[in-house]
1. Condition test on Gly294, is it part of a helix (DSSP H, G or I) and at pLDDT 95 or above?
2. Only one of (1) part of a helix (DSSP H, G or I); (2) buried (at least 19 other Cβ atoms within 10 Å of the Cβ) fails for Gln140. Which number is that?
3. With respect to the numbered conditions (1) of a type outside the set (A, V, I, L, M, F, W, C); (2) out of contact with any Ser or Thr (no Cβ under 7 Å at 6 or more places or on another chain); (3) assigned to a helix (DSSP H, G or I), which one is the sole condition not fulfilled by Gly169?
4. Going through Asp326, Asp309, Asp366 one at a time, which residue ends up being in a helix (DSSP H, G or I) and crowded, with 17+ Cβ neighbours inside 10 Å?
5. Restricting attention to segment 243-286, report how many residues are closer than 26 Å to Arg215 by Cα and among the acidic types (Asp, Glu).
Amino acid sequence: MKLLLTGRHSYFRNGISRVFAFWGRSFSTTTSSPDPIESLQLRISRSGNPTSSMGTILDQWLEQGRHVKQSELQGFIKQLRKYRRFGQALQISEWMSEQRNHNLSNGDIAIRLDLISKVHGLEQAEKYFNSIPQDLRVSQLYGALLNCYAYNKSLEKAEEIMDKIRELGFAKTSLPYNVMLSLYAQLGKHEKLDIVMQEMEGKGVNFDKYTFNIRLNAYGATSDLEGMEKLLMKMEVAHDFKMNWNAYTVAANCRMRQFAYEVLITVYASTGNKHEVCRIWNLYKNIGKVYNSGYVCIISSLMKLEDIDGAEKILEEWESADTVFDVRVPNIVISGYCRKGLLGKAEAYVNRLIESGKVPESTLWDRLATGYHVHGQMAKSVETMKRAILVSQPGWKPNQFTLAACYEYSRQQGDMEAAEEFLKLLKKRSESVGHIHDKLVSTTNNESLGAQALVEMETEEQIVDGEAYEIIESKDE
């Protein structure tokens with residue numbers, strides 16, 4: 001930007017001048033001449049060199065018998081700040097009070113404080129603030145000083161002045177809170193964000209679009225989908241707040257980034273490339289918090305690659321992570337154990353879940369029953385399938401091939417009562433029971449029930465088949 005304003009690139013400098021000339025035509029700065037070429041604004045815009053003295057230009061303007069209003073000077077300062085010509089904006093601010101004895105408003109003083117900080121540094125800004133009489137230090141000035149500290153990422157001083165703002169009762173709007181939220185987000189202190197927002201809620205300070213956007217982007221930076229979804233819901237019901245597409249775009253970008261990693265992990269697992277699976281997983285973890293969908297993806301992939309030890313290590317990570325319990329994870333672990341015939345491990349894991357207070361759902365018992373079936377332990381398969389039916393919810397569909405095997409096993413054992421009990425339980429628990437009896441009859445003569453049962457169990461997981469893949473998604477709660 002310096003090159004455009006120092007005279008070394010006249011074409012661009014003239015372009016900037018034309019912008020200011022248009023601004024000068026929008027509101028005249030003189031009552032003696034309507035000619036825009038003679039406007040004070042044009043003279044200021046042409047002085048792109050940072051060393052040009054605004055005081056000299058203003059003095060010359062007055063010496064020619066012209067006038068300038070304070071509101072016009074304030075407008076010049078605003079535009080100069082917009083184009084980051086802070087030094088010249090500060091010169092006009094100083095000229096207003098020191099040369100022309102204009103009475104500065106609280107807003108004028110706050111702007112000068114900001115300009116001093118940007119031009120001369122924090123120490124000079126603090127000296128200026130301390131020179132202001134105590135009775136004139138209104139909330140606007142404390143807010144300006146807070147902005148100075150935040151702009152320079154001076155966290156300790158920002159927190160000190162924020163405490164002073166609270167002490168004086170000036171923390172009544174979202175402005176100072178937004179400054180602190182932005183500073184914490186920039187410094188990566190995301191644990192502070194919720195504390196600040198909780199304070200706002202406790203004091204009845206409404207969130208505005210800046211509050212929401214700062215927090216939403218912070219969630220995006222850490223890939224915190226759960227927090228992002230909760231905030232989006234809060235934004236949608238907030239009074240006096242209009243949702244915009246930017247909020248949904250941030251959320252979508254975050255989700256797509258995670259989804260892309262999950263797809264890559266699944267694809268590499270399908271090709272047997274364990275090295276790439278682990279490499280992508282490490283990249284995935286580095287983008288922020290990992291949620292249940294990510295753990296489901298990596299555990300399933302490692303199980304399919306027959307890396308049981310690796311899958312168990314990830315399982316330990318999931319159990320110690322700050323995530324909501326997701327039944328998909330134990331389901332995949334049980335499926336992996338059952339495919340490998342590690343029924344002892346499967347049983348131990350189920351017992352550990354129960355001891356920890358978790359209640360296995362019908363899908364888990366169904367998978368374990370399939371494992372027993374596939375590996376010829378039919379007595380256990382029958383008992384486990386009964387458990388699955390008993391805890392099932394309406395609409396649940398068991399593995400029909402395992403169910404058929406259990407039904408046939410009971411008949412072969414001469415236990416018709418047990419076989420009929422299966423049908424009675426299903427009639428009470430399943431909405432699809434009307435078609436189950438026919439399926440049982442048609443499948444009991446199939447010699448490959450075990451193989452078909454295993455295939456059906458696997459189709460319920462994330463699978464890859466050639467170039468097509470199916471991701472069964474479930475929202476993390």
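The values are calculated or read from the model by the stated rules, or taken from the named source; none is laboratory data. Given the structure is predicted, the values throughout are model-derived calculations rather than measurements. All Cβ positions, even for glycine, are placed from backbone atoms using ideal geometry, and neighbour counts span all protein chains on display.
1. On the way: part of a helix (DSSP H, G or I): yes; at pLDDT 95 or above: no.
In short, no.
2. Going through (1) part of a helix (DSSP H, G or I); (2) buried (at least 19 other Cβ atoms within 10 Å of the Cβ) one by one, Gln140 breaks only (2).
3. Status for Gly169: all satisfied but (3).
4. Asp366
5. 1
For (1) within 20 Å of Ser117 (Cα to Cα); (2) surrounded by fewer than 19 Cβ atoms within 10 Å (Cβ to Cβ); (3) of a type in the set (A, V, I, L, M, F, W, C); (4) at pLDDT below 80, each residue gets a yes or a no:
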position	(1), (2), (3), (4)
Leu4	no, yes, yes, yes
Gly7	no, yes, no, yes
Phe27	no, yes, yes, yes
Thr31	no, yes, no, yes
Leu62	no, yes, yes, no
Ser71	no, yes, no, no
Trp95	yes, no, yes, no
Gln99	no, yes, no, yes
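Rundown of residues vs (1) touching a strand residue (DSSP E or B) at 6+ places or on another chain (Cβ under 9 Å); (2) among the aromatic types (Phe, Trp, Tyr); (3) free of Cβ contacts under 8 Å to residues at least 24 places away in the same chain, yes/no style:
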{"position": "Asn253", "(1), (2), (3)": "no, no, no"}
{"position": "Arg257", "(1), (2), (3)": "no, no, no"}
{"position": "Ala260", "(1), (2), (3)": "no, no, yes"}
{"position": "Ser270", "(1), (2), (3)": "yes, no, no"}
{"position": "Lys274", "(1), (2), (3)": "no, no, no"}
{"position": "Val296", "(1), (2), (3)": "no, no, no"}
{"position": "Ile299", "(1), (2), (3)": "no, no, no"}
{"position": "Leu305", "(1), (2), (3)": "no, no, no"}
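Every residue, every condition in (1) of a type in the set (S, T, N, Q); (2) touching a residue at least 24 places away in the same chain (Cβ under 8 Å), yes or no:
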position	(1), (2)
Ser97	yes, no
Asn103	yes, no
Gly107	no, yes
Ser117	yes, yes
His120	no, no
Ala125	no, no
Tyr128	no, no
Ile132	no, no
